Amino acid sequence: MQTRSTRKERVASMDDTTSERLRSFRKEVDLSLVFGPLADVGLPVVDDHGQRMVVVALGDERLGVLLRRIAQTGGNANVFVKGADDEVVRLSVINDSCALDSNSADDMTGDARPSLQATVAVFVDYLRTQRSGVRIPLDSHDVPMPRATVVDDVQFA
């Protein structure tokens with residue numbers, strides 16, 4: 001006899017799958033930063049305390065989830081995003097107050113704010129078209145507006 005899963009069970013299952021994929025990607029990034037091809041590459045974003053915060057995301061996650069993770073770092077982060085084709089992209093996200101020329105970035109605040117329901121992959125695709133990056137609002141009111149730019153595609157061994 002075949003049973004049908006409820007929507008709640010399917011969502012919980014997807015969340016478990018996403019969590020496992022995210023954990024696996026986090027481990028892949030950590031190993032690459034310590035022992036792999038990124039071990040000799042300095043991460044460009046440093047926070048006010050000299051820390052190089054790393055945030056990971058999957059391309060199919062919602063942008064709002066990524067922005068919350070960035071807000072938890074204080075708005076400065078080296079972000080690694082893994083797309084559906086296993087391509088990894090590194091983003092630099094810095095507080096607007098620390099940006100050298102924040103006025104050159106595309107202002108995505110106010111009415112131009114991206115949907116928090118958009119996927120991270122769609123946001124990365126848009127970022128690729130913006131040479132000077134974008135200014136994006138975070139949910140947290142105490143974190144200055146960050147500026148995000150695509151740094152490069154990353155190859156893991």
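The values are calculated or read from the model by the stated rules, or taken from the named source; none is laboratory data. Only a predicted model underlies this, so the values are computations on that prediction, with no experimental measurement involved. Note: ideal-geometry Cβ built from the backbone for every residue, glycine included; neighbour counts use all protein chains shown. The area values use the complete protein model at the heavy-atom level, side chains included, leaving out ligands, DNA and RNA. Shrake-Rupley method; radii C 1.70, N 1.55, O 1.52, S 1.80 Å.
Here's a check for you: in region 44-68, which residue that is aliphatic (A, V, I, L, M) and open to solvent by 20 Å² or more (accessible area, probe 1.4 Å) is farthest from D15 (Cα to Cα)? Ranking the candidates gives V46 first. Evaluation of D86 against the conditions (1) open to solvent by less than 70 Å² (accessible area, probe 1.4 Å); (2) at positive phi shows that the sole unmet condition is (1). Tally up the residues in region 66-87 that are part of a helix (DSSP H, G or I), within 11 Å of the chain's Cα centre (by Cα) and free of Cβ contacts under 8 Å to residues at least 60 places away in the same chain, please. So the answer is 2.
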